[in-house]
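The values are calculated or read from the model by the stated rules, or taken from the named source; none is laboratory data. In this text, all values refer to a predicted model and were calculated from it rather than measured experimentally. Cβ coordinates were reconstructed from backbone atoms using ideal geometry, including for glycine residues, and neighbour counts include every protein chain displayed. Surface accessibility is based on the protein's heavy atoms, side chains included, excluding ligands, DNA and RNA. Shrake-Rupley method; radii C 1.70, N 1.55, O 1.52, S 1.80 Å.
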Amino acid sequence: MKRGYNIAVIRGDGIGSEIISEGMKVLEAASEREGFEFDWIEYPHGAEHYLETGELISEETLKELKRCDAIYFGSIGDPRIEPGVLEQGILLAMRFYFDQYVNLRPVKLLEGVPTPLAGKGPKDIDFSVVRENTEDFYVGIGGRVKGKEKTRDELEIVRNLYSIKFGLDIETDADELAYQIGVVTREGCERVMKFAFELAIEKGKKKVTSVDKANVLTHGYGFWREVFTEIASEYPDIETEFNFVDAICMWFVKNPEWYQVVVAPNMFGDIITDLGAMIQGGLGLAPGGNINPDGVSMFEPIHGSAPKYKDKGVSNPIATIWAGAMLLDDVGEKGASEKVLDAIEAVLREGTVRTYDLGGNSKTSEVGDAVVREIRGLY
Ligand code: IPM
Ligand code: MG
């Protein structure tokens with residue numbers, strides 16, 4: 001019997017559908033050559049489904065998804081819906097429900113792809129960002145308080161804030177403010193940091209860089225730093241360093257060759273990987289894996305839904321195809337995963353088939369076709 005995998009497909013919004021089609025096309029081609037099969041199970045979740053039914057993603061759907069080997073996700077976001085609704089209700093809901101505590105984002109400049117960094121090439125830009133994916137400011141704890149409608153805790157926060165900042169007695173003053181709380185747990189730090197060190201070992205890398213802002217956000221990131229130091233002591237052969245998040249933004253641009261594996265709290269990881277995407281040639285080339293090493297993982301391009309390009313067939317599907325290669329690796333098809341990445345590299349190196357973002361005028365589907373041709377040629 002052939003090996004087979006059940007893959008849940010959520011195309012999502014905007015360009016999500018067209019890029020996922022290319023990804024599926026490529027993964028199908030790889031599976032044919034490698035002798036395994038995919039069973040694709042499509043889910044309609046996204047803006048349209050929400051507007052029609054009011055469902056973001058239900059517990060029932062999540063339970064169903066739990067039975068899949070992996071989730072292949074397009075992109076989310078629609079101008080008709082207030083920011084945050086779909087992101088929290090669908091994408092973050094899945095990251096949290098499946099406890100996908102690692103967001104693995106390779107930052108690798110492939111040959112043939114221009115980088116905006118003068119004097120830097122593929123040898124200089126090749127590292128992985130391991131973003132914590134379930135904690136920090138993403139936990140959704142916060143609120144908005146006004147006047148006297150406050151709980152005891154809120155009153156405490158507001159009282160401290162106002163008396164320190166403005167010297168005001170909050171009981172008597174009318175006030176309005178919003179707050180958001182970031183949470184960093186020992187377990188949350190340990191598991192993602194261990195993943196980063198193990199990844200370094202697996203890839204033969206020598207250094208892990210930890211990102212924080214321990215000089216200002218001392219509670220949360222001071223703790224992050226403390227746990228990192230402890231975990232690092234279990235890996236004496238790996239060199240370590242700390243970078244403040246603002247500094248690493250500067251160094252990514254100036255000396256990207258310094259980095260091998262970077263581990264970052266959720267929000268900083270989000271921010272630095274958009275920068276990472278730009279130095280590797282743009283958002284159209286940046287994949288990500290939301291990984292639970294013992295559970296269901298989800299693979300997606302890191303870019304958004306680019307609504308204005310929807311159905312135009314001009315978007316670059318490479319990030320999604322690359323995310324598909326990561327999915328193959330995750331389900332255990334390492335050979336196929338490498339072949340897909342080799343094929344992507346061959347198409348980019350050759351350079352005649354490329355989308356608008358890379359200075360070409362090929363269609364989204366032509367890029368998928370070119371990758372498929374390369375895969376067939378590799379066997
Ligand atoms: C990302 C995105 C998401 C995030 C949004 C869409 C919720 O920016 O995957 O990087 O902030 O994690
Ligand atoms: Mg982001």
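Some notes on this structure:
- Checking each residue in region 302-319 for being within 15 Å of ligand 2 (Cβ to nearest atom) and closer than 17 Å to Arg354 by Cα picks out only Ala319.
- Residue in region 25-43 that is surrounded by 21 or more Cβ atoms within 10 Å (Cβ to Cβ), within 16 Å of ligand 1 (Cβ to nearest atom) and touching a residue at least 40 places away in the same chain (Cβ under 8 Å) present: no
- Condition check for Leu341: part of a helix (DSSP H, G or I) and in contact with a Leu (Cβ under 8 Å, 6 or more places away or on another chain): no
- Lone unmet requirement of (1) within 16 Å of ligand 1 (Cβ to nearest atom); (2) in contact with a Ser or Thr (Cβ under 9 Å, 6 or more places away or on another chain) for Tyr309: (1)
- When restricted to residues that are more than 16 Å from ligand 1 (Cβ to nearest atom) and in contact with a Phe, Trp or Tyr (Cβ under 6 Å, 6 or more places away or on another chain), region 239-271 contains 2.
- Residues in region 272-298 that are within 26 Å of Asp69 (Cα to Cα) and either assigned to a loop (DSSP other than H, G, I, E, B) or away from ligand 2 (no atom under 15 Å from the Cβ) (or both): 8 in all.
- Restricting attention to region 289-306, the residues that are within 16 Å of ligand 1 (Cβ to nearest atom) and either touching a Lys or Arg at 6+ places or on another chain (Cβ under 8 Å) or not polar (S, T, N, Q) (or both) total 11.
- Hits in region 59-93 - residues which are touching a Gly at 6+ places or on another chain (Cβ under 9 Å), within 16 Å of ligand 2 (Cβ to nearest atom) and of a type outside the set (S, T, N, Q): Phe73, Gly74, Ile76, Gly77, Pro83, Leu86, Glu87, Ile90, Leu91, Leu92
- Residues (within 11 Å of ligand 1 (Cβ to nearest atom) and free of Cβ contacts under 8 Å to residues at least 12 places away in the same chain) located in region 73-90: Pro83, Gly84, Glu87
- With respect to the conditions (1) more than 28 Å from Asp357 (Cβ to Cβ); (2) of a type outside the set (Val, Ile, Thr); (3) within 16 Å of ligand 2 (Cβ to nearest atom); (4) open to solvent by 10 Å² or more (accessible area, probe 1.4 Å), Pro265 falls short on a single one, namely (4).
- Restricting attention to region 323-332 and to residues that are open to solvent by 10 Å² or more (accessible area, probe 1.4 Å) and touching a residue at least 60 places away in the same chain (Cβ under 8 Å), the residue that is nearest to Asn292 (Cα to Cα) turns out to be Asp330.
- Only one of the listed residues (Ile279, Ile318) is closer than 30 Å to Tyr221 by Cα and open to solvent by less than 10 Å² (accessible area, probe 1.4 Å). That residue is Ile279.
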